[in-house]
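Asker: Please see the structure below; I have some questions.
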Amino acid sequence: MVEIKTSPIILKDILSDVADKFYAIYQNTFDHTLPVRPYLPNTEFPCGYCNWEPTCWDGYEGDFGNTAAALPEEFGYKSSRYLEITSEMKDLKEEKESLRSEFLRALTELKTTVGTIRHYKAIMTIKTKEDGGISQSFTIKRIKKET
């Protein structure tokens, strides 16, 4: 083990700086942002040596210019299909959540965690969270016929 000798004042300053950096990282993560770029683009040090310099900070889009390039014709259909799928996924997610809520309500009203209908089994799992709240998860399984 290496012993590091330092004065309590210097250590307090270091710990304060570290805490400030961790808080800034937390805040940027929470806000889904990057910190302010500490150096100008294309400077020799420290960003100039890095291959990620053009894309690692907010505003990097300007490094590529403002001219839009024409995509190949096949991307017309792909763009349309992408937006269509995105819309369908949103609708399906909402429908799935609605069905989930109905199943959970029905199982709760029946005072059970497992229900069956035809060849399906609906299973509700209830867990207590650390904060004392309750978490409910839900799955449906297809019951295999016994042979």
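Asker: So, restricting to strands (runs of 3 or more DSSP E) that lie completely within region 70-147, which ones have at least 2 residues that are touching a residue at least 24 places away in the same chain (Cβ under 8 Å) and surrounded by 11 or more Cβ atoms within 10 Å (Cβ to Cβ)?
Answerer: Working: elements: 114-117, 120-128, 134-142.
Because the criterion is at least 2 residues that are touching a residue at least 24 places away in the same chain (Cβ under 8 Å) and surrounded by 11 or more Cβ atoms within 10 Å (Cβ to Cβ), the strands (runs of 3 or more DSSP E) in region 70-147 that meet it are 134-142.
Asker: Could you grab me the full set of residues in region 2-24 that are outside any helix (DSSP H, G or I) and either modelled with pLDDT of 75 or more or charged (D, E, K, R) (or both)?
Answerer: Going residue by residue through region 2-24, those that are outside any helix (DSSP H, G or I) are 2-7.
Those that are outside any helix (DSSP H, G or I) and either modelled with pLDDT of 75 or more or charged (D, E, K, R) (or both): GLU3, LYS5.
The values are calculated or read from the model by the stated rules, or taken from the named source; none is laboratory data. Here the structure is a predicted model, which means the values were calculated and not measured. Cβ atoms come from the backbone with ideal geometry, glycine included; neighbour counts cover every protein chain shown.
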